[in-house]
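Please read the structure below before turning to the comments.
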Amino acid sequence: MKNPFKLPRRAHLSRPWRWLVPVLLVLLFLAVLLWLPWQARQMESNERQEQLIADTLWVEQTLRFELARSEEALATLGADLVGTPPPPDVLRARLAQMFKNGHELRRVLWLDANGRVLAHHGAEPAGGSLDAIGRETDEMARLTRTGRYTEPYGASSHAPGLVDYYLPLYREATYAGSIVATYSLKILLDETVPWWFAQDNALSLLDRNDAIVASRADGGPGRGVYTHRRALDLPGASIVLATDSVKGAPRLLPNLLVGSVIVLALGLLLSLLTLWRHISRRLAAEGALRQQMAFRTAMENSLMTGLRARDLEGRVTYVNKAFCQMVGLPPEELLGKKPPMPYWAPEAMAEYEERFAAVLAGTATPQFETVFQRSDGVRVPVLVFEAPLRDSRGEQTGWMSSILDITDRKKAEELNRQQQEKLEASARLATMGEISSMLAHELNQPLAAISSYTAGALNVLERADSGVPVEPNLLRRALEQARQQAQRAGQIIKSVHEFVKKSEPQREQVEIKSVIDGVRALVELQARKSYVALQVHLPPQLPPVLADRLMLEQVLLNLTRNGIEAMAEVAPERRILRIAAAADPSQVSVSVIDHGHGIAPDVAERLFSPFFSTKAEGMGMGLSICRTAIEFHGGTLTHAPNPGGGTVFTFSLPRQGASAELQ
Ligand code: ADP
């Protein structure tokens, strides 16, 4: 059966290896996410190091440049001193100017060829001459004929280191003395290195033993992370410029990139987890749903009841197996179909269309009987229950019908009806059997009377033959009596004949009075035998009813017989059976009233059950047949205690106008 609610199978999700690819991808993604900040940190570190190297190089160049400038100024001074020595005050002024231009310059000496101080600016050397190192350097400078530096000296914890520069002077290629300049390395650093560099880096000048001879650390000591060394490359001196950044290694956490990566990774993990949980829950729900669906489908397929769903336009959206079997069509030929349906019987088209219009108008009858035509043309009586089909929001989306094949029920009803009819016939025969002996006895009376009246008449005629004058009145009376008795006998026989004759119910306009008259002879016959007096009270204007006369007669006979039998034990003067009739605007009622033993509650419960009887030779069919017959006419049969003792049985039939409507 096609099922519109069926879920597509997602078996692939249940296979665990299918998860492997996304999981691996996520792991890769996480690895990249974690590697990225590390790489960024590394790059940043490299960048800082490179920057420091470049800056250190630049500082070294600046220092060299400053010293070179000073060397040049000294060379110019030297040339002047060797050529035409300026007067002492001019020399002093010139040296003062040089000191002003370069604060790092602490002392300038002018030595003659023998190393004696000719002039000096700044502090004079101890003893007025050079020390051993000074002489050695001066010697080297003279030999190489170029300016030369000493190793840094004089550095201590409270005094910065100094360095001397020896410049040999020549007059026409003859050594003519030297100029010695002393520089303070600390001041050189302070003056030459720009503040922004000193702020970011701790600078120091180291001698050949790596001992610090001068340092500058405006921004605090260096961290030892980014460091660089660069030799100053001064002839004769091995001074190294060492820089050490105050910045530490880039920290990982405050880094924006790292922060966002971690947040992203956490977010991703969280959403993955949520997604995983959601999917697991969904899968569980789907599994449960699929199980439910399988259960329902099995249930629907095992149902004997046909199911059919239609949308609001009457298009068939779902049919189950039982429905398909009922109409003999496969689901493909039913789904999506709009009226007229292939299973509509041509003769009931108008009825279907009327009902379908009601369905569209939203006023469908919740339950009704109709007939479907199976594909082989066989008519299938069905009972249809309609219920609105609602979606999850409670809005109506169509109609769901359950359809019962009531062929068997109809057959059973028909069989029941036929059996009932047979039972009625046999009950009538039984009743007739019971009364036939009484009939014979009763017929004896009129027959005997007829016989005696005719014998009397014959006697009169015989006497006339022998000459006795005929008395015409006597003869007429005897014959009249004989005719009446013959008629009565005929009536008794006719009514019995009619009653036992099995015939289909034939409705006609029936006067209650004529019904009573029809059975009166038989009732009286029974009544007389039991010494019961029969009283009939009929209002003058009793309307007719539409009924089967024989059936009504049978009902009346049964009720009167029961009444008579109920009075068998009561005192003879109380044995009165009354038949009374009344009419109101809707119905006509006939009551049979006796003064018998009445009906005990336990008897009353089973009164109308077939074969229930309290009598030794009773069949127990009478009341059951009566009720069936009355209900067949759209009426009711009731009983009530008679206030004066005994029982009142009343049957009511709809009046002619009302009766036609009911049928
Ligand atoms: P039957 O007369 O063959 O017993 P009925 O179906 O006619 O079958 O009646 C069933 C029972 O109802 C009777 O056996 C009797 O006990 C009770 N019954 C019927 N009519 C009366 C009545 N008028 N008064 C008292 N009991 C009655």
message = Going through 178, 204, 184, 215 one at a time, which residue ends up being touching a Phe, Trp or Tyr at 6+ places or on another chain (Cβ under 8 Å) and on the phi < 0 side of the Ramachandran plot?
response = 178
ask   = Looking only at the stretch 148-198, which residues are under 18 Å from residue 239 (Cα atoms) and of a type in the set (Val, Ile, Thr)?
value = 150, 163, 182, 187, 192, 193
ask   = Mind checking which pairs have a first residue in the stretch 625-640 that is over 17 Å from residue 603 (Cα atoms) and a second that is of a type in the set (Lys, Arg) and more than 15 Å from the ligand (Cβ to nearest atom), Cβ under 9 Å, 6 or more apart or different chains?
value = 633/507
query = Would you pick out the residues in the stretch 421-463 that are small (Gly, Ala, Ser) and modelled with pLDDT under 85?
reply = 425, 426, 427, 430, 433, 436, 437, 440, 448, 449, 452
Residue among 354, 347, 332 that alone is under 17 Å from residue 386 (Cα atoms) and among the acidic types (Asp, Glu) = 354
inquiry  = I'd like to check something: does the stretch 409-420 contain any residue that is modelled with pLDDT under 85 and within 30 Å of residue 485 (Cβ to Cβ)?
reply    = no
Cβ pairs under 9 Å, 6+ apart, first in the stretch 605-618 and more than 22 Å from residue 568 (Cα to Cα) and hydroxyl-bearing (Ser, Thr, Tyr), second assigned to a loop (DSSP other than H, G, I, E, B) and near the ligand (Cβ under 6 Å from one of its atoms) = 609/620
message = If I ask for residues that are under 28 Å from residue 143 (Cβ atoms) and not hydroxyl-bearing (Ser, Thr, Tyr), which ones from the stretch 182-210 would you list?
response = 185, 188, 205, 206, 207, 208, 209
request  = Would you check which residues across the stretch 180-212 are assigned to a strand (DSSP E or B) and either out of contact with any Ser or Thr (no Cβ under 8 Å at 6 or more places or on another chain) or surrounded by 21 or more Cβ atoms within 10 Å (Cβ to Cβ) (or both) and list them?
outcome  = 180, 181, 182, 183, 184, 201, 202, 203, 204, 205, 206
Checklist (1) in contact (Cβ under 8 Å) with a residue 60 or more places away in the chain; (2) under 28 Å from residue 90 (Cβ atoms); (3) not polar (S, T, N, Q) applied to residue 140, failing item = (2)
Boolean, residue 271 is within 30 Å of residue 29 (Cα to Cα) and of a type in the set (Ser, Thr, Tyr) = yes
query = When residues of the stretch 596-647 are filtered for being more than 8 Å from the ligand (Cβ to nearest atom) and in a strand (DSSP E or B), how many remain?
reply = 5
query = Taking interchain pairs and intrachain pairs at least six residues apart, which have beta carbon atoms under 7 angstrom, with the first residue in the stretch 553-567 and closer than 22 Å to residue 494 by Cα and the second more than 7 Å from the ligand (Cβ to nearest atom) and of a type in the set (Lys, Arg)?
reply = 554/428
task = Could you check, for the stretch 21-43, whether at least one of its residues is of a type in the set (D, E, K, R), assigned to a helix (DSSP H, G or I) and crowded, with 17+ Cβ neighbours inside 10 Å?
result = yes
message = Being farther than 21 Å from residue 137 by Cα, touching a strand residue (DSSP E or B) at 6+ places or on another chain (Cβ under 8 Å) and without any contact (Cβ under 8 Å) to a residue 60 or more places away in the chain is true for just one of 95, 63, 118. Which residue is that?
response = 95
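Let's see how each residue does on (1) touching a His at 6+ places or on another chain (Cβ under 6 Å); (2) charged (D, E, K, R); (3) at pLDDT below 85; (4) over 30 Å from residue 454 (Cβ atoms):
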position	(1), (2), (3), (4)
526	no, no, yes, no
533	no, no, no, yes
550	no, no, yes, yes
557	no, no, yes, yes
563	no, no, no, yes
remark   = Residues in the stretch 319-344 that are in contact with a helix residue (DSSP H, G or I) (Cβ under 8 Å, 6 or more places away or on another chain) and more than 17 Å from residue 305 (Cβ to Cβ) total 6
key: In the stretch 1-40, residue modelled with the lowest pLDDT [restricted to those that are of a type in the set (Lys, Arg) and over 30 Å from residue 306 (Cβ atoms)]   = 10
note = Quick count over the stretch 567-590, residues being within 11 Å of the ligand (Cβ to nearest atom) and crowded, with 21+ Cβ neighbours inside 10 Å, is 2
key: Residue list for the stretch 375-409, restricted to those being charged (D, E, K, R) and crowded, with 16+ Cβ neighbours inside 10 Å   = 386, 405
ask   = Which fully enclosed strands (runs of 3 or more DSSP E) of the stretch 340-405 have 3 or more residues being over 35 Å from the mean Cα position of the chain (by Cα)?
value = 367-373, 379-390
remark   = When (1) more than 23 Å from residue 315 (Cβ to Cβ); (2) modelled with pLDDT of 85 or more are applied to residue 394, the one that fails is (1)
request  = May I ask you to list the residues in the stretch 541-566 that are charged (D, E, K, R) and within 16 Å of the ligand (Cβ to nearest atom)?
outcome  = 553, 561, 565
inquiry  = Looking only at the stretch 128-179, how many residues end up being surrounded by fewer than 14 Cβ atoms within 10 Å (Cβ to Cβ) and among the hydrophobic types (A, V, I, L, M, F, W, C)?
reply    = 5
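The values are calculated or read from the model by the stated rules, or taken from the named source; none is laboratory data. Note that this is a predicted model, so its numbers are computed, not measured. Neighbour counts are summed over all protein chains in view; Cβ atoms, including those assigned to glycine, are modelled from backbone coordinates with ideal geometry.
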